[in-house]
Amino acid sequence: MSFIVTATSITCPKLDGLDPITIHLDKLAKNEIRVAEVAIVNSSTAPELLAFFNQSWSEVNDLLSVVRYQKRMAETRLKNIKNQKLLDEVPGIIKERKLSSSKDIRDAILESYPECQELQEKIHQFECVVSILETKSEKFVNAFTSVKKLYGSGNSLPIRFVPSGDSGDKTVEETANIRNRSGFGKPSY
């Protein structure tokens, strides 16, 4: 079985012949939509968003672990096949064709075997899936970090604008100073 990519899923074959890995892109896309909520986060939605982004990151990383494991298994299997062919068949081919025995010649002979080509193709496909999942994982990490920076460690109260004429209430400037946000820092030129 080879990789099957549709608009809503990626199906990766397992090398051990068991049930394939199915990555539901539609579920991940629904989770990614919530990344835009960082722009409108407030103190009441921040905890839920932090938990949601953490859970989404965890789900993506679980998939990443499985795909990386399958990729590592394919690399190991490819190495074992190449080693076996290098010891058993390549010396005979080199003698038969009267070639010099160099690393380039041996590699060319090894890469001509269909089973090596097939495993190398699977490794490339696993690398593509890993890349897709790493990008999605990074989105959730960035969203989590953004929410945490906006509402973590003492910044849990948004600026409260109060008319300055109310008795007993603080002015806008005093309320802003209470929050004590450092902003983006000083520019370094």
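A short reminder: the numbers here are calculations on the coordinates, not readings from a lab. A quick note: this is a predicted structure, and the numbers were derived from the prediction, not measured. Methodologically, a virtual Cβ is constructed for each residue, glycine included, from the backbone with ideal geometry; neighbour enumeration extends over all protein chains shown.
Which length gain, in nm to one decimal place, applies between Val141 and Lys98 when the Cα-Cα distance is subtracted from 0.36 nm times their residue separation?
Full extension of this stretch gives 9.8 nm more.
Using 0.36 nm per residue of separation minus the Cα-Cα distance, give me the extension gain between Leu87 and Ala108 in nm, one decimal.
Here the segment from Leu87 to Ala108 would lengthen by 6.1 nm.
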* Please identify every one of the GluC sites (Glu not before Pro) in segment 1-92 that sits in a loop by DSSP and has no more than 14 other beta carbons within 10 Å of its own beta carbon. => Glu89
* To do: Normalising by the residue count of segment 1-77, find the relative contact order in percent from Cα pairs under 8 Å and 6+ residues apart.
  => 22 percent
* Any idea how many Lys pairs in segment 60-132 come in under 22 angstrom at the alpha carbon, given 8 or more places apart or on separate chains? -> 15
* Which trypsin sites (Lys or Arg not before Pro) in segment 57-146 pass both tests, a DSSP loop state and at most 12 other beta-carbon atoms within 10 Å? -> Lys98
* Tell me, how many Å apart are the Cα centres for segment 48-122 and for segment 8-39? -> 24 Å
* Asked: For Ser9, which sequence-distant residues (separation of 5 or more, or a different chain) have an amide H within less than 5 Å of its own amide H, given hydrogens modelled in the peptide plane?
  -> Leu25
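Just check segment 56-96 against the gyration tensor rule for me: Cα atoms, a ≥ b ≥ c as the square roots of the eigenvalues, rounded for a/c under 1.5, and otherwise prolate or oblate depending on whether a/b exceeds b/c.
prolate
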* To do: Report the extension gain between Asp26 and Thr76 in nm, rounded to one decimal, defined as 0.36 nm multiplied by the number of residues separating them, less their alpha carbon distance.
  => 14.8 nm
